[in-house]
Amino acid sequence: MLFHIAAAAVLTNVAFLEIYSFYNTEDPTDMQFLSDENPLHRVFVYGTLKRGEPNHNLIQDTKNGYAKFLGIGRTLTPYPLVIATKYNIPFLLKKPGIGHLVFGEVYDVDTKMLKKLDELEEHPALYERFQEDILWAAESKAKSTNNFEEVGILTRVWIYFLPQFKTSLLDGPLYSSYTNEGSHGLKYCEKYVRDPSYDHRKEVQ
């Protein structure tokens, strides 16, 4: 009897460790879902939502839902990443084959957090959320942007694109990655200090 109790305790501990490892692993292939009712959605962010950027606090705030940083991502196709409007907003234009392979960050988020991201990005009135395949690697493996072909894993993510845009946006600088502190000197203006009557969509669409 004692042997059976001890064996059951060992099996319980092993199962717990397997579950713990599953949800804490850095291996991208192990990330799954929270539940059938509230699945995780994989998102690629390339602008102000990244760590250290002006809107990252939205992802950090647990009141907005669940989010887990998974690693670094890179598009498989070149896209034009621009900074536009008088508020210096980064836009990824839905124009494949022009620009650069774009680097960003990959997160798993729940449905509540995804809705918050949709609100910030004004989806679908301004940005639209599309599913794309990208390369993705744990940050510890992506030691430089030059080794992505070696360490990257193919994964499908949501990306916010600007599908309708003025062609004049393509005349300016096109970036492979974004930071608000970049040498471009174009500081992002957060929503709470903008003129509420100003419609930046008229500048880009």
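The values are calculated or read from the model by the stated rules, or taken from the named source; none is laboratory data. Computed from a prediction, not measured in an experiment: that's the story for all the values here. Cβ atoms come from the backbone with ideal geometry, glycine included; neighbour counts cover every protein chain shown. Side chains are part of the model used for accessible areas, which takes the heavy atoms of the whole protein and leaves out ligands, DNA and RNA. Shrake-Rupley method; radii C 1.70, N 1.55, O 1.52, S 1.80 Å.
Here is how the numbers come out for the structure above:
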read-out	value
Solvent-accessible surface ranking, highest first, for Trp136, Trp158 at 1.4 angstrom	Trp158, Trp136
Surface share of carbon and sulfur [accessible, 1.4 angstrom probe, percent] for the range 166-205	51 percent
Model label zone, Glu139; criterion: amide N under 20 Å from point 7 Å along Cα-to-beta-carbon; scope the range 109-126	109-110
Glu149 versus Glu119: modelled label distance in nm, points set 7 Å from Cα along the beta carbon direction	4.3 nm
Accessible area in square angstrom per residue, the range 34-138, 1.4 angstrom probe	39 Å²
Mean separation of Cα contacts under 8 Å, 6 or more apart, over the residue count of the range 75-135: relative contact order %	33 percent
Cβ crowding within 10 Å averaged over residues, with 183-190, 65-72 ranked highest first	65-72, 183-190
Label point distance in nm, Glu181-Asn38, each placed 7 Å from Cα along Cα→Cβ	3.4 nm
Area accessible to solvent at Thr62, 1.4 Å probe radius, in Å²	110 Å²
